[in-house]
Structures are given as structure tokens and as C-alpha cells.
Amino acid sequence: MKVGIIMGSKSDWPTMQHAAEMLDRFNVAYETKVVSAHRTPHLLAEYAESAQARGITVIIAGAGGAAHLPGMTAAYTCLPVLGVPVQSRALKGMDSLLSIVQMPKGIAVGTLAIGEAGAANAGLLAAQIIGTQDANVQAAVEAFRQAQTETVLSNPNPAED
Ligand code: RP5
């Protein structure tokens, strides 16, 4: 089982690499590719339509501005699509967020937060989805969460380093 990480531009990679890093943490295989909804529309259709046959089970799609990529990808495949709004310069990612999150009824995109946190959580959510079918991945996610909890509990004083 593999995750497909796609993004509208190479300039999205500093954000989207956080999804890849999260998947690395859980030993989940993935592929990465620049696929633009408006610059390479035929490639987008071909990528999304062939994804399942290539062993992909979840697609993470990140884009900024008028961010059509996650919605158009979801239109071409029944695989779950997780959308990451990349922070734009002009509107700080509010444009990306609203254009990804406001999908009309009938085609679903799971929208994450703007920017790095959204990309990291997209990787985490993809691992959790895969974890429903893969006990090793689920155990790795549980261990990650346990370590996170322990870090907080063992550092209760906010004024201490
Ligand atoms: C979108 O336009 C991309 O997802 C990117 O976030 C934004 C800017 O792209 P570049 O002009 O940097 O290629 O398609």
C-alpha cells in the first residue's frame, strides 16, 4: 500500500515534504510528483485514474491559490483524497483553504490545515487510514502518539527548558 503525494508546483515542496517526513516515520511507502490542475490537466486525469492500479490507497494533494488540484483529483478517483492548502503570498493561504474545503456535495476531499501543520497531519492521517489494514503502521502511529503524550506530561512547567 502506497500514498501518492502530489502538488501543483515545485514551490509547494517545502510545505509538502512534511507529509513525506511523517510517512517516513511510519515506514509507509509513497511517491511524489508535481501535477498541476491548470498547467497539466491531462497529466492530472491520467495520474488520478491510474493511481489505484499502481497500488496507491490514499492521495495527498497540496496546492496554493485557486487550488483546484485536490477537488479535481477526487473527481477522477474514488481513492480518499486529503487536501493541503499551501500558504500563498497574496492571501496567506486563505484562498487555498477555502477553495479546497468548500467542495460541493457529492465529491469528498478531506481538508487539512494551511501550511506545514496541514501537510504533516495529512501524512499522519494517511498513515492512520493505512493503519486500519496494516497492524505495523497502526502500532507505529500509536507509539508516536504515546511518545508525544509523554513529552508533554514530563515537561509540565512552561517556564522551564
Ligand atoms: C499553484 O500555484 C501551486 O500549487 C502553487 O502553490 C502556486 C504557485 O505556483 P508557482 O507559481 O510557484 O509555480 O498552482
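The values are calculated or read from the model by the stated rules, or taken from the named source; none is laboratory data. The model shown is predicted, which means the values in this text are computed figures rather than measured ones. With ideal geometry, Cβ positions are generated from the backbone for all residues, glycine too; neighbour counts draw on all protein chains shown.
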From the list GLY93, GLY83, which one is within 14 Å of the ligand (Cβ to nearest atom), farther than 22 Å from LYS2 by Cβ, within 17 Å of the chain's Cα centre (by Cα) and among the small types (Gly, Ala, Ser)? GLY93
Among the residues of the stretch 1-40, how many are among the small types (Gly, Ala, Ser) and closer than 19 Å to GLY65 by Cα? 5
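So which of LEU98, LEU91, LEU125 is under 26 Å from THR40 (Cα atoms) and in a helix (DSSP H, G or I)? Even if it seems obvious, please write down each step before you answer.
On the way: LEU91 fails: in a helix (DSSP H, G or I); LEU125 fails: under 26 Å from THR40 (Cα atoms).
Going through LEU98, LEU91, LEU125 in turn, the sole match is LEU98.
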Search result, residues across the stretch 69-94 that are farther than 24 Å from ALA127 by Cα and surrounded by 18 or more Cβ atoms within 10 Å (Cβ to Cβ): SER88, GLY93
If the requirement is being among the polar types (S, T, N, Q), at pLDDT 95 or above and closer than 21 Å to VAL28 by Cα, which of these qualifies: GLN52, GLN87? GLN52
Would you mind telling me which numbered condition in (1) over 11 Å from the mean Cα position of the chain (by Cα); (2) of a type outside the set (Asp, Glu); (3) surrounded by fewer than 22 Cβ atoms within 10 Å (Cβ to Cβ) LEU44 fails? (3)
